[in-house]
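Just so it is clear, none of the values below were taken in a lab; they were calculated from the coordinates. Note that this is a predicted model, so its numbers are computed, not measured. All Cβ positions, even for glycine, are placed from backbone atoms using ideal geometry, and neighbour counts span all protein chains on display.
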Amino acid sequence: MPLKFAIVDDSLFSRVQLRQKIQEWVPDATFVEFGVSAQALEQIPGLEADAVTLDLVMPDPDGASVLEALRVRGYERPIFIVSADIQDSTKERCRSLGCTGFIEKPVRVECVQAMLKSLGVEL
Amino acid sequence: MTDTSLMDPVIKDAFLEIANIGIGKSAASMSQLAGKHVAITIPSIDFVRTGERDSFQLMTGTSSTVIVEQRFHGEVVGTAILCLATSGALKLASMLLGEEVHQDAFGEMEQGALLELGNIMIGGLVGNMSNVLHLHIGYDIPEMQLNGTGKVLTLMQKEGACTVVVNSNLAIESTDVSSFLLLVFGENEFEALLDKIRSVM
């Protein structure tokens, strides 16, 4: 089964960038993209995605709220935060809310590789 | 009060170092996005008070400026603005998207690319400031304006406003793009920031 990713980011540019980087290593990956976080929160639990990538600074609800809400509802699949908010305190907060990993924007190839490895992809 | 603080070389040095690291992170980010080496000049710092706002136009030397604006709040409150001359913004959009961008085709994708670039550059500068000063800052959604000079001047004109202007030249291959990152604070907010700086020195 190809890996399935849910990409949540209100920036189309960022979604495209991340999707292309994942496809470099996992060409048969499939993607469900959300530009509106409320839709993501509603639909992600039913998607059976192998991983979720989640921007932080988005119109309501913001990424941290989506992360928190998903975890509170018992969503256990990997959620990687992908953000330009590089503050140490932000990373710590996301960890405390249950993120699987934190990837700084712009996304570096090494970070995508690390995420894929953690999902069991052999690179 | 504030004017005296701004003359303090220790304060200016602190801002310069924060800007230096922040711009370095921003250049690395831009390089990553464009897939090209980005050379940067050492940033210069200027402090502009309300009554001196015209000096911003003198510094930028252009009336047509693309801006990305993002408010931040928390222990320090202000507005960060990335300003690019329109011609420079077009060149950057071309590089980010890997295709020629004409001024009359400054479409959704081009604006989206510049908006994200602004978000990342502002995150580099403000995030570094926050880390150095052990703060936590929240961000509003970034906004972009294709002709934002008026908006910048209006913000800088507010009573008591103090603007930290960080200027650096970004050279990507044979293209030079002058960028200005502005941090606009109200009088009390700027005093709070200065207190934070003093507390870590």
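Would you list which lysines come within 23 Å of B:LYS25, measuring only between C-alpha atoms, while excluding same-chain residues fewer than 8 positions from it?
A:LYS21, A:LYS91, A:LYS105, B:LYS12, B:LYS36, B:LYS91, B:LYS196
Taking only the Cα atoms of region B:2-199, how large is their convex hull per residue, in Å³? Can you show the working numbers first?
Details: hull volume 20.7 nm³, N = 198.
Residue-normalised Cα hull volume stands at 104 Å³.
With equal scatterers on the alpha carbons only and no solvent term, can you work out the Debye log10 of I(q)/I(0) for region B:121-201 at 0.21 1/Å?
-1.22
Which loop-located GluC sites (Glu not before Pro) does region B:96-153 contain, where loop means any DSSP state but H, G, I, E or B and the Cβ has at most 11 other Cβ atoms within 10 Å? Spell out each step's value before the answer.
Values: sites: B:GLU99, B:GLU100, B:GLU108, B:GLU110, B:GLU116, B:GLU143; in loops: B:GLU99, B:GLU100.
Answer by residue number: B:GLU99, B:GLU100.
Counting pairwise Cα distances across chain A, what percent come out greater than 23 angstrom? Display every interim value, and only then the final one.
Values: 1548 of 7503 pairs.
Across chain A, Cα pairs with separations above 23 Å total 21 percent.
Just from the alpha-carbon atoms, what are the Rg and Dmax of the protein assembly as shown in angstroms?
Rg, Dmax (Cα atoms, Å): 20.0, 66.
For chain B, find the longest principal axis of its Cα atoms and tell me its angle to the long axis of helix B:187-199, 0 to 90°, nearest 10.
80 degrees
With 18 Å as the cut-off, how large is the P(r) tail for region A:63-123, expressed as percent of Cα-Cα pairs? Don't skip to the answer; put the middle values down first.
Values: 677 of 1830 pairs.
Everything past 18 Å amounts to 37 percent.
Kindly express, to the nearest 10 degrees and within the range 0 to 90, the angle between helix B:108-132's C-alpha long axis and the longest C-alpha principal axis of chain B.
30 degrees
Identify the trypsin sites (Lys or Arg not before Pro) of region A:54-123 meeting these criteria: DSSP loop state and at most 14 other C-beta atoms within 10 Å of the C-beta. It would help to have the intermediate numbers written out before the result.
Values: sites: A:ARG71, A:ARG73, A:LYS91, A:ARG93, A:ARG95, A:ARG108, A:LYS117; in loops: A:ARG73, A:ARG108.
Hits after loop and neighbour filter: A:ARG73.
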